[in-house]
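Engineer: Take this structure first; my questions come after.
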Amino acid sequence: MRALAGPAAQLAPAGFLALLLAAPGAHAGDPQVRPGEWNPDKAPPGWVVVQTRNYQVQSEVGEAKGRLLAEHLEGMLDLYRELLPFTKRMPTFVLKIFEDEAGYRAYGGEAVAHYDKAAKELVCWDTGIVLGVRDVPASVRLGPDSGLTPSEAERARLDQLFEAITDDYTMDLARVLSHEGWHQYFHYYTVSWVAMPSWLDEGMGDYFFTAERTEDGQGYHLGALNHGRLRTLRRAFEEGTTVSFARLLDFEQGDYYSNASVYYAQGWSMVHFLMQNEDPALRQLIPKLIADFKRSKNFREATAKAFDRRSLDSLDSEWIAWVLRQEPRDPLRELAREFGERIRAEDLVAPERWKERYTLLLEEERAAAAKATGKPPERAPPGGR
Ligand SMILES: [Zn+2]
């Protein structure tokens, strides 16, 4: 969790969405880029300060994007407050947006974004996607030595898939901030340094991650699936690396980080399952649990009370059944299914992790096809197409 290799924004499928709660290392890089609130008239060269009702945004990516993200966070703040009303005066929240990953890392960041409890600020870098709108080209294409000569129709389909894969497998900065903004709010709300159970803290962050704008653009709605998490979780089911519902409730942070990709996915799914449940008592469970914690500052007790009348074993089976009913969206799998052995991972110019996942998907698709025809899975001859 601490040392992430490669561009973190592209970790989404196999790696966990690297959304850290912990404060990063010492701040370094440009000494003028200081932690905390700034005097708006004295921003370092290349930076602008945008002030909205509750946020001070320090932006290295210009005023327009800074304002867009500030307004997004204001909208999210309304959602957090709807769930957990906060009566005290809100402090000014700081958001720092670096232009690129290098600047962010020099400042001490390790992923795409983090909430720094000590400096009380959200810090991130621009991945190129904000609220589903991407201003960078597709990150995957056919390499020059692929040997594939696609027809015109195939060419068009490939372009479509490469765009969809990039959109799906790159972290949307606004969504990352929906997650991190939750940590910032939650910590003000509970006014506590008592460690919160990771399934709840991270799971709720991921629940907010999928918030989508309403069609009239006036607000947000919750409850969309987190397809990256769902893909990870379904694979973890196959590999038997998940734990029971009850066990995840008991996890310490260290347990959670020990197989972060899988447990983040499981935590998200449990929160989503509860928050979107058709049973109103289950939908109320998390808000009640958090309110109870705010009073008692004792999560173990609050959890025992919240789940009091529930059989955790039956919750476990209901949750698994729900996960298995969902259909994870995966354009990379579509590529494997439609083109099969004609395109292999080494034919693609793409981030290494995407290629690793593509190889897995090719194998899965090959096995599924073999099962359907009743023949044993056949490996393509080396170099053959
Ligand atoms: Zn987080």
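The values are calculated or read from the model by the stated rules, or taken from the named source; none is laboratory data. Not measured: the values here are computed from a predicted model. Heads up, the Cβs are rebuilt from the backbone with ideal geometry, glycines too, and the neighbour counts pull from every protein chain shown.
Engineer: Looking for whichever is away from the ligand (no atom under 15 Å from the Cβ) and polar (S, T, N, Q) here; the options are S258, S198. Which one fits?
Structural biologist: Working: S198 fails: away from the ligand (no atom under 15 Å from the Cβ).
One residue alone meets the criteria, S258.
Engineer: For Q218, are the conditions met, namely being surrounded by 14 or more Cβ atoms within 10 Å (Cβ to Cβ) and not acidic (D, E)? Walk me through how you get there before you give the answer.
Structural biologist: Values: surrounded by 14 or more Cβ atoms within 10 Å (Cβ to Cβ): no; not acidic (D, E): yes.
For Q218, the condition - surrounded by 14 or more Cβ atoms within 10 Å (Cβ to Cβ) and not acidic (D, E) - is not met.
Engineer: Same structure, new question: Going by the conditions given, is A113 within 29 Å of Y358 (Cα to Cα), small (G, A, S) and assigned by TED's automatic domain parsing to the domain that holds D30? Full working, then the answer.
Structural biologist: On the way: within 29 Å of Y358 (Cα to Cα): yes; small (G, A, S): yes; assigned by TED's automatic domain parsing to the domain that holds D30: yes.
Spelling it out, A113 is indeed within 29 Å of Y358 (Cα to Cα), small (G, A, S) and assigned by TED's automatic domain parsing to the domain that holds D30.
Engineer: Output the residues belonging to region 244-280 that are surrounded by fewer than 18 Cβ atoms within 10 Å (Cβ to Cβ), under 17 Å from W322 (Cα atoms) and not acidic (D, E).
Structural biologist: Hits for region 244-280 are S244, A246, Q276, N277, P280.
Engineer: Further, regarding this structure: Search region 16-45 for residues that are under 15 Å from G103 (Cβ atoms) and within 16 Å of the ligand (Cβ to nearest atom) and pair each with any residue that is among the charged types (D, E, K, R) and modelled with pLDDT of 50 or more when their beta-carbon atoms are under 6 Å apart and the residues are at least 6 apart or on different chains.
Structural biologist: From region 16-45, the pairs are P24/E110.
Engineer: Starting from residues that are in contact with an Asp or Glu (Cβ under 6 Å, 6 or more places away or on another chain) and of a type in the set (A, V, I, L, M), keep the ones in region 297-352 and report whichever is farthest from M275 (Cα to Cα).
Structural biologist: Within region 297-352, the match that is farthest from M275 (Cα to Cα) is A336.
Engineer: Sort out for me the helices (runs of 4 or more DSSP H) sitting completely within region 161-276 that have 3 or more residues that are touching an Asp or Glu at 6+ places or on another chain (Cβ under 8 Å). It would help to see each step written out before you state the result.
Structural biologist: Details: elements: 173-190, 198-209, 227-239, 245-250, 253-258, 260-275.
The helices (runs of 4 or more DSSP H) meeting that bar are 173-190, 227-239, 260-275.
Engineer: Considering only region 320-351, state which residues are outside any helix (DSSP H, G or I), surrounded by fewer than 17 Cβ atoms within 10 Å (Cβ to Cβ) and among the hydrophobic types (A, V, I, L, M, F, W, C).
Structural biologist: The initial filter retains those residues of region 320-351 that are outside any helix (DSSP H, G or I), namely 326-330, 343-344, 348-351.
Add one more test, that the residue is surrounded by fewer than 17 Cβ atoms within 10 Å (Cβ to Cβ), and what stays is 326-327, 329, 349.
Scanning region 320-351 gives a single hit, V349.
Engineer: Is it fair to say E37 is charged (D, E, K, R), out of contact with any helix residue (DSSP H, G or I) (no Cβ under 8 Å at 6 or more places or on another chain) and assigned to a loop (DSSP other than H, G, I, E, B)?
Structural biologist: Details: charged (D, E, K, R): yes; out of contact with any helix residue (DSSP H, G or I) (no Cβ under 8 Å at 6 or more places or on another chain): yes; assigned to a loop (DSSP other than H, G, I, E, B): yes.
The answer is yes for E37.
Engineer: With within 25 Å of D255 (Cα to Cα) and within 20 Å of the chain's Cα centre (by Cα) as the only criterion, which of W182, W125 stands out?
Structural biologist: Details: W125 fails: within 25 Å of D255 (Cα to Cα).
On inspection, the qualifying residue turns out to be W182.
Engineer: A further question follows. Just to check your reading of the model, which residue among A195, A211, A236 is of a type in the set (A, V, I, L, M, F, W, C), exposed (fewer than 14 other Cβ atoms within 10 Å of the Cβ) and either at pLDDT 95 or above or in contact with a helix residue (DSSP H, G or I) (Cβ under 7 Å, 6 or more places away or on another chain) (or both)? Let's see the steps before the verdict.
Structural biologist: On the way: A211 fails: exposed (fewer than 14 other Cβ atoms within 10 Å of the Cβ); A236 fails: exposed (fewer than 14 other Cβ atoms within 10 Å of the Cβ).
Going through A195, A211, A236 in turn, just one is of a type in the set (A, V, I, L, M, F, W, C), exposed (fewer than 14 other Cβ atoms within 10 Å of the Cβ) and either at pLDDT 95 or above or in contact with a helix residue (DSSP H, G or I) (Cβ under 7 Å, 6 or more places away or on another chain) (or both): A195.
Engineer: Looking at L131, is it away from the ligand (no atom under 16 Å from the Cβ), in contact with a His (Cβ under 7 Å, 6 or more places away or on another chain) and touching a residue at least 40 places away in the same chain (Cβ under 8 Å)?
Structural biologist: Working: away from the ligand (no atom under 16 Å from the Cβ): yes; in contact with a His (Cβ under 7 Å, 6 or more places away or on another chain): yes; touching a residue at least 40 places away in the same chain (Cβ under 8 Å): yes.
Answer is yes for this residue.
Engineer: Right, next: Please find, within region 151-186, the residue that is nearest to the ligand (Cβ to nearest atom) out of those that are in contact with a Ser or Thr (Cβ under 7 Å, 6 or more places away or on another chain) and of a type in the set (A, V, I, L, M, F, W, C).
Structural biologist: M171
Engineer: Cβ contacts < 7 Å: first residue without any contact (Cβ under 8 Å) to a residue 40 or more places away in the chain, restricted to region 220-236; second residue of a type outside the set (D, E) and surrounded by fewer than 18 Cβ atoms within 10 Å (Cβ to Cβ), any location; separation 6+ or different chain. Result?
Structural biologist: Once the first residue is without any contact (Cβ under 8 Å) to a residue 40 or more places away in the chain and sits in region 220-236, its partners that are of a type outside the set (D, E) and surrounded by fewer than 18 Cβ atoms within 10 Å (Cβ to Cβ) give H221/T214.
Engineer: Which one of V140, V61, V50, V112 is away from the ligand (no atom under 16 Å from the Cβ), within 22 Å of D30 (Cβ to Cβ) and either modelled with pLDDT under 95 or in contact with a Ser or Thr (Cβ under 7 Å, 6 or more places away or on another chain) (or both)? If you could, list the steps in order and put the result at the bottom.
Structural biologist: Numbers: V140 fails: within 22 Å of D30 (Cβ to Cβ); V61 fails: either modelled with pLDDT under 95 or in contact with a Ser or Thr (Cβ under 7 Å, 6 or more places away or on another chain) (or both); V112 fails: away from the ligand (no atom under 16 Å from the Cβ).
Sole residue among the options that is away from the ligand (no atom under 16 Å from the Cβ), within 22 Å of D30 (Cβ to Cβ) and either modelled with pLDDT under 95 or in contact with a Ser or Thr (Cβ under 7 Å, 6 or more places away or on another chain) (or both): V50.
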